[in-house]
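So the structure is just underneath, and the comments pick up after that.
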Amino acid sequence: MESTPATAQPRFLDYDKSLACIHCGLCLSSCPTYLETGNENDSPRGRIYLMRAVQDGRLALGDTAVRHIDLCLGCRACEAVCPSGVQYGDLLEHTRDHIEKHYQRSPFQTFLRRIAIEKVFPFPERMQLALLPAKIIRALRLEKFLPRFAREALSLIPDDAVEEDLPVISPAPGGTANGRAGFISGCVMSILFGKTNAASVRLLNRAGYEVVTPPDQGCCGALYAHSGQLELARQCARHNIEVFERQNVSTIVINAAGCGSTLKEYGHLLQDDPRWAERARQFSSKVKDLTEILSLRISGFGLRISNSGPVVTYHDACHLAHPQRITKQPRELVRAMAGGNYVELPESDVCCGSAGSYNLTEPEMAERLQKRKIDNILKTGARIVVTTNPGCLLQIRAGLQKAGAQVEALHIADFLDRATKP
Ligand code: SF4
Ligand code: SF4
């Protein structure tokens, strides 16, 4: 739907940031969509060019430009390899914010994005309700009557989804030598991976932290920030900052890579809000991924190396590896248990196609990347693939099931919890 003629647009792009791109092309081979299509417009360099062309009014904010921006996973692999320090994620978020305000999407895409995703995912009670029809369809084996898109979406929902209410305070039985940590339970994590959240808290307790999980915390805002709803993301940030300020914690721990990267960027998200900028910076400075915390205590909480166990590999969740640059710590933890049975995954940091809600809005590219990831996992001969993000777990599990592969996909907290149970 071409909706806006090629005229100068209201200012949405930080021009200096976009000019940092020197067109060297070093990011191209890291970009999953470019690897799949070979089209320059589906590369970081091409997309920055498109953003600038729209901003200058040389290109209409229409189907062509929006298509290539929509196809971006927001994985930020390009940012991690850029020698010029281009802040691609920031350029993308502002461009998407502009698109959502000024471009008319099809009725189906509008329903999918504004209602099915944004009005459900960030609200655990609504997500529980939305899962009910899926469970009934599965129980009655009615999947084959669904259109392909719906079947794909259904395949992402785990059979063993468990909600688990965490206690507000989880004391550390062996003592709280390392203080009091706040825990972010997450929207998807708390509904689909309740057991993983409980395992994360147990690991923190064993590592010497008393853990507080405030029940009034809310969505981190990642879903909104990545889909071009920056003001909604800011509202989520303000709420969580207030909630955790009341808890007197020195550290705030998150076990979902996608949420972690947004929580660490609250300072940036609220930098222009004088009432919140400093509080947001303070909050973000306390946020740590679970693997950052546990790798510091690796000798203290009893990992047992087992060279006779199954072969294990590790998939880098994009938002842990690229914006947070955390690749060493999870590997140290997995190796500390798997010993000689650890194998590196080829293209471990290429997106699996999950990318937040991308596998719902862009199912075709998501499926191509899912297959690429599964082929690489199978090449390793691993029986366990470990990762750090719920979206990756759902996407990889669904892909393994489609391939009929006998490989278990585990969150790192579940993997380590098994290895450290007293
Ligand atoms: S690596 Fe950086 S500077 Fe080079 S083309 Fe990519 S975004 Fe531009
Ligand atoms: S964020 Fe990922 S998909 Fe988007 S341009 Fe960068 S590398 Fe490519």
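Placing +1 on each Lys and Arg Cβ and -1 on each Asp and Glu Cβ, with no other charges, gives region 15-104 a dipole about its Cα centre of roughly 140 debye. Between the amide H of Thr251 and those of Gly182, distances stay under 5 Å, these residues lying 5 or more places away or on another chain, with hydrogens modeled in the peptide plane. When the helices in the chain are scored as -39500 (n - 2.57) per DSSP H run of 4 or longer and the sum is shared across all residues, what 222 nm value do you end up with, to the nearest 500 deg cm²/dmol? -14000 deg cm²/dmol, from helical runs alone.
Note that region 233-238 has calculated 3J(HN,Hα) couplings of 4, 5, 4, 4, 4, 4 Hz, one per residue in order, obtained from phi through the Karplus relation 6.51 cos²θ - 1.76 cosθ + 1.60 (θ = phi - 60°); glycine and proline are x.
Listed by chain and number, the lysines whose C-alpha is less than 16 Å from the C-alpha of Lys373, apart from same-chain residues fewer than 8 away, are Lys402.
For region 180-300, the residue among Gly218, Leu290, Gln271 whose Cα projects farthest onto the positive side of the dipole built from Cβ charges is Leu290. By DSSP, the beta bridges lying fully in the chain are antiparallel in about 10 percent of cases. The residues neighbouring Thr388, those whose beta-carbon lies less than 9 Å from its own, together hold a net charge of -2 under the Lys/Arg +1, Asp/Glu -1 convention.
Can you give the local net charge around Pro171? Use residues other than it whose beta-carbon is closer than 15 angstrom to its beta-carbon, Lys and Arg +1, Asp and Glu -1.
Working: positive: Arg180, Arg202, Arg206; negative: Glu210.
In short, +2.
Residue by residue, region 130-139 carries 3J(HN,Hα) couplings of 5, 6, 4, x, 4, 5, 5, 4, 5, 4 Hz when phi is fed to the Karplus relation 6.51 cos²θ - 1.76 cosθ + 1.60 (θ = phi - 60°); x denotes Gly or Pro. Close amide H partners of Glu408, meaning residues 5 or more places away or on another chain with modelled amide H under 5 Å apart, are Ile384, Val385.
For the peptides 184-193, 374-383, the ranking by mean Cβ contacts within 10 Å, running from highest to lowest, is 184-193, 374-383.
Could you check what % of the DSSP bridge pairs in region 303-420 are antiparallel, to the nearest 5? Don't skip to the answer; put the middle values down first.
Working: 0 of 8 bridges.
In region 303-420, DSSP labels about 0 percent of beta bridges as antiparallel.
Relative to one another, the C-alpha centroids of region 98-137 and region 219-238 are positioned 15 Å apart. Counting only Cβ charges, +1 for Lys and Arg and -1 for Asp and Glu, the dipole size of region 108-155 around its Cα centre is about 140 debye. Between Tyr314 and Leu345, Val386, the built amide H atoms are under 5 Å apart, and every one of these is 5 or more places off in sequence or on another chain. For region 355-422 versus region 58-95, the inter-centroid distance based on Cα atoms is 25 Å. Positive end of the dipole of the chain (Cβ unit charges, origin at the Cα centre): among His322, Val253, Cys27, the Cα lying farthest that way belongs to Val253. Gain on full extension, evaluated as 0.36 nm per residue between Thr327 and Val168 minus their Cα-Cα distance, stands at 54.2 nm. 3J(HN,Hα) couplings calculated from phi for region 178-186 with the Karplus curve 6.51 cos²θ - 1.76 cosθ + 1.60 (θ = phi - 60°) are, in sequence order, 9, x, 10, 10, x, 10, 8, 7, x Hz; Gly and Pro show x.
Distance between the modelled labels on Lys402 and Asp375, one decimal in nanometres: 1.3 nm (7 Å Cα→Cβ projection).
Across Leu294, Leu263, Leu140, mean-square fluctuation computed from a Gaussian network of the chain (C-alpha pairs under 10 Å connected) peaks at Leu140. For the chain, the Cys residues with no second cysteine's beta carbon closer than 4.7 Å are Cys21, Cys24, Cys31, Cys72, Cys82, Cys187, Cys219, Cys236, Cys352, Cys392.
Bridging of Lys17 to aspartates and glutamates at a Cα separation below 14 Å is possible for Glu79, Asp90, Glu93, once same-chain residues fewer than 8 apart are set aside.
No value in this document is a laboratory result; all are computed from the given coordinates. Keep in mind that this is a model prediction, so the values were computed, not measured. When we count neighbours, we look across all protein chains shown, and the Cβ atoms used for this are built from the backbone with ideal geometry, even at glycine.
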